[in-house]
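Peer 1: Take a look at this one; I'll ask things after.
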Amino acid sequence: MPHTQNPPVSTLHVRTRGSVPTYNPRNFAWRHAIWCNVVIVPTSPITVGQKVRLVEVHGPSESPGDEDEETPHEAKDIDVEGVVTNVRTLETDLVEFVVKNEIEGAMTELAYISVENAPGRTVTLTGWTWLISKTMLPLIGKTTRRVPTLASTGRGDVLGNSEDE
């Protein structure tokens, strides 16, 4: 039996935008889907088939004495880890991916993660998705919602949250 290596897991730093219950007639547990924005540039571009873990970012911290900290944000694991299964939304400024949670017993079934469409930096599109992004998106030109923009903070690259502005 050949030995297969588990793919490395990329950590994505997100802020949750909302959640809704999911109904699955085969599963009686009350599970939900969450929508998130990626707020810190990922270490490697997000692509379909990649294994990811979501960590919710809060901050910057308001505690006294935190001014000297190297990272101004606090992170909390939200029990979502799985493979990016497909692209749900593709726009000029935004790509939304679907992550199917593989953690047994977790309350979150699906995560929809939105990230700025910066090819090679935040996303890697392949196949038909890449072709559509190069041929159709320039013709459409408009986006349906405001997308986080890259901002330089002096402490690394952070994506701005459109709801905080």
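The values are calculated or read from the model by the stated rules, or taken from the named source; none is laboratory data. Since this is a predicted model, take the numbers as computed values, not measurements. Counting neighbours? That spans all protein chains shown, and the Cβs are built from the backbone with ideal geometry, glycine included. Please note that ligands, DNA and RNA were not included when accessible areas were found on the heavy atoms of the full protein model with its side chains. Shrake-Rupley method; radii C 1.70, N 1.55, O 1.52, S 1.80 Å.
Peer 1: Could you please find all residues in the stretch 80-102 being open to solvent by 60 Å² or more (accessible area, probe 1.4 Å) and assigned to a loop (DSSP other than H, G, I, E, B)?
Peer 2: Asp93, Glu102
Peer 1: Given the structure, is Ala33 open to solvent by less than 70 Å² (accessible area, probe 1.4 Å), out of contact with any strand residue (DSSP E or B) (no Cβ under 8 Å at 6 or more places or on another chain) and either modelled with pLDDT of 90 or more or not in a loop (DSSP other than H, G, I, E, B) (or both)?
Peer 2: Here the answer is no, as Ala33 does not meet what is asked.
Peer 1: Shifting gears a bit: Whether any residue in the stretch 65-75 is at pLDDT 90 or above, open to solvent by 10 Å² or more (accessible area, probe 1.4 Å) and in a loop (DSSP other than H, G, I, E, B) is what I want to check.
Peer 2: Taking every residue of the stretch 65-75 in turn, none turns out to be at pLDDT 90 or above, open to solvent by 10 Å² or more (accessible area, probe 1.4 Å) and in a loop (DSSP other than H, G, I, E, B).
Peer 1: Now for a separate question. For the stretch 75-124, how many residues are under 19 Å from Pro8 (Cβ atoms) and hydrophobic (A, V, I, L, M, F, W, C)?
Peer 2: Total satisfying the criteria: 11.
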